[in-house]
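I have placed the structure first, in the form of structure tokens, so that the comments after it can refer back to it.
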Amino acid sequence: MMNTNRIHNYLPIYLLLAFLILLSCHKEKKYSIEPNIKLKFSNDTILFDTVLTTIGSITKTLKVYNPANEHINISNINLKGGNHSQYRVNIDGLATANAINVELAPRDSLHIFIKVLINPTDENTPFIVEDILDFNVNGNKQEVKIIAWGQNANYIIGNIERNGLLYKTIVQKNENIDWIADRPYVIYGMAYIDSNAVLNIPADCKIYFHNQSGIHMAPTAQLNINGELGKEVIFRGDRFDEQYRNMSGYWKGILIEESLNPININYAKIENAEYGIRANGKLYYNGTLSINNTIIRNMTKSALEINNYNTEASNLLIVNSGERLLKIQGGGIHNFTHCSFVNYWNRSFRLDESFFLSSSYSDNDGGTTIHSLAINFANCILDGDETEELSYDYNHSVSNNISFLNCTLKTQTQTNEVSFINCIMNPTDLFVNIEENNFSPLEGSALINNGNPDKSILFPKDLLGNKRLPLPDIGALEFIPLNQK
């Protein structure tokens, strides 16, 4: 019979031995304190690339890897949009927008399930629904972008990086492509038109650009924008909520490289970019930009910049730029008829005159070209809130000719190098309401009936389709008496 007293005497020893055995089997976790440690992800961007036509939800998976041979502690995984985000995340089984102290064993991984609920019929839904997952390990921060399409549209997504921007070729070499206006086009990145390619954009087409996106045309590419009165082609940012609706500099603009092929723009509205249009010929000026019946508004840089190009323009309304409304460099032949250039920029301090006209052009590669310059303004307005809105720079080794015929100008310039014929200098009270962007002539304005009729024959109607003749007004818009509206 077993001696129970002896067992009781040895019991503490047995328990101590068992504890020591268990303790020896349990290795203490060793956590990495390396400040430069980085997680690895299955994707650096989670893209929900399905375009929904009805209300629906989609779920994607992100895998997060620990590449180290030690445990790591992810001190924070945070969905930036929080509870206001259109995304919902599940982090290793926990539904939360903010997880803390998530442990990850050596060479192990965790799953994050990301769900988005989209109502594509809701006009308040952004075209591109974005958020970011932030990760913090030992003070080292990483992020994964999350992107989904919010409305039914044609999405153009950059997929090749060039100079820090994502590019997508939308027209291949020697192709001729016609867009259709059944749905908006939403551009995420730079939409590229390749050499000898042609893009035709029809009336009533709407092109929306995500932040830092734009259109870039290769040399010899061609663009035809074929809008109509009441069915203008719209170029603007993709956000319509109040804080973004009139945000200047939101997208890059329309960037044109040197081309022998004409660029034709008729009835377009271009808003809220860095550049409205930048036509950039490097060596010669055989290309021509033909732009008519178009509004360019609210640019942080130049609204219309033309380098080593020719221009034929009529019925332009160009309004508000942080730098120049019109910048012409490097020569060419330029004709502007019935154009209104108005600069009451109030979003930053403006240092530059609204016009800069020069026969010299220095490109980004450090080269300088000098060509003969001929610029003719007829029945045009140059107005702004600066005392001087006209600047020019002649290189006298070539011929230079700048003329203003029946124009109104905000300038103190008095020189024989610029021709002013029947012009009105520094008039006031020209427009109905500048703050409300109504640039029709105010009753009694110096603009009324002071245009040159001979220059109006080719442009008998104004930007809005109103008749000009027999006594045209100066600018893109005619005065319409209240009893005729």
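The values are calculated or read from the model by the stated rules, or taken from the named source; none is laboratory data. Model, not experiment: these values are computed from the prediction. Don't worry about glycine lacking a Cβ; one is built from the backbone with ideal geometry, like all the others, and counts go over all protein chains shown.
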Original post:
What number of residues within segment 337-359 are crowded, with 24+ Cβ neighbours inside 10 Å and assigned to a strand (DSSP E or B)?
Top reply: 5
Subject >> Enumerated strands (runs of 3 or more DSSP E) restricted to segment 376-456, each holding at least 3 residues that are surrounded by 13 or more Cβ atoms within 10 Å (Cβ to Cβ) >> reply: 381-384, 390-393, 400-405, 418-421, 438-441
Original post:
Has segment 300-316 got any residue that is at pLDDT 95 or above, surrounded by fewer than 23 Cβ atoms within 10 Å (Cβ to Cβ), assigned to a loop (DSSP other than H, G, I, E, B) and acidic (Asp, Glu)?
Top reply: no
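Rundown of residues vs (1) in contact (Cβ under 8 Å) with a residue 12 or more places away in the chain; (2) aliphatic (A, V, I, L, M), yes/no style:
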site	(1), (2)
201	yes, yes
230	no, no
247	yes, yes
257	yes, no
260	yes, yes
269	yes, no
273	yes, yes
290	yes, no
296	yes, yes
**OP:** State the number of residues belonging to segment 251-297 that are assigned to a loop (DSSP other than H, G, I, E, B) and crowded, with 23+ Cβ neighbours inside 10 Å.
**Re:** 7
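Rundown of residues vs (1) at pLDDT 95 or above; (2) over 28 Å from residue 41 (Cβ atoms); (3) not assigned by TED's automatic domain parsing to the domain that holds residue 227, yes/no style:
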{"site": "107", "(1), (2), (3)": "no, no, yes"}
{"site": "112", "(1), (2), (3)": "yes, no, yes"}
{"site": "115", "(1), (2), (3)": "no, no, yes"}
{"site": "159", "(1), (2), (3)": "no, no, no"}
{"site": "162", "(1), (2), (3)": "no, no, no"}
{"site": "176", "(1), (2), (3)": "yes, yes, no"}
{"site": "193", "(1), (2), (3)": "yes, yes, no"}
Subject >> Per-region count, segment 382-434, residues within 26 Å of residue 361 (Cβ to Cβ), among the β-branched types (Val, Ile, Thr) and in contact with a Ser or Thr (Cβ under 8 Å, 6 or more places away or on another chain) >> reply: 3
Original post:
Within segment 120-159, can you find the residues that are in a strand (DSSP E or B) and of a type in the set (Val, Ile, Thr)?
Top reply: 128, 129, 132, 137, 144, 146, 147, 156, 157
Subject >> Of residues in segment 236-253 being more than 16 Å from residue 345 (Cβ to Cβ) and more than 9 Å from the chain's Cα centre (by Cα), the one modelled with the highest pLDDT >> reply: 239
**OP:** Please find, among 328, 333, 295, 265, the residue that is in contact with a Gly (Cβ under 9 Å, 6 or more places away or on another chain) and either among the small types (Gly, Ala, Ser) or assigned by TED's automatic domain parsing to the domain that holds residue 367 (or both).
**Re:** 265
Subject >> The one condition in (1) assigned to a loop (DSSP other than H, G, I, E, B); (2) surrounded by fewer than 17 Cβ atoms within 10 Å (Cβ to Cβ); (3) in contact (Cβ under 8 Å) with a residue 60 or more places away in the chain that residue 69 fails to fulfil >> reply: (3)
Subject >> Meets criteria (in the same structural domain as residue 312 (by TED's automatic domain parsing), within 25 Å of residue 463 (Cα to Cα) and free of Cβ contacts under 8 Å to residues at least 12 places away in the same chain) for residue 438 >> reply: yes
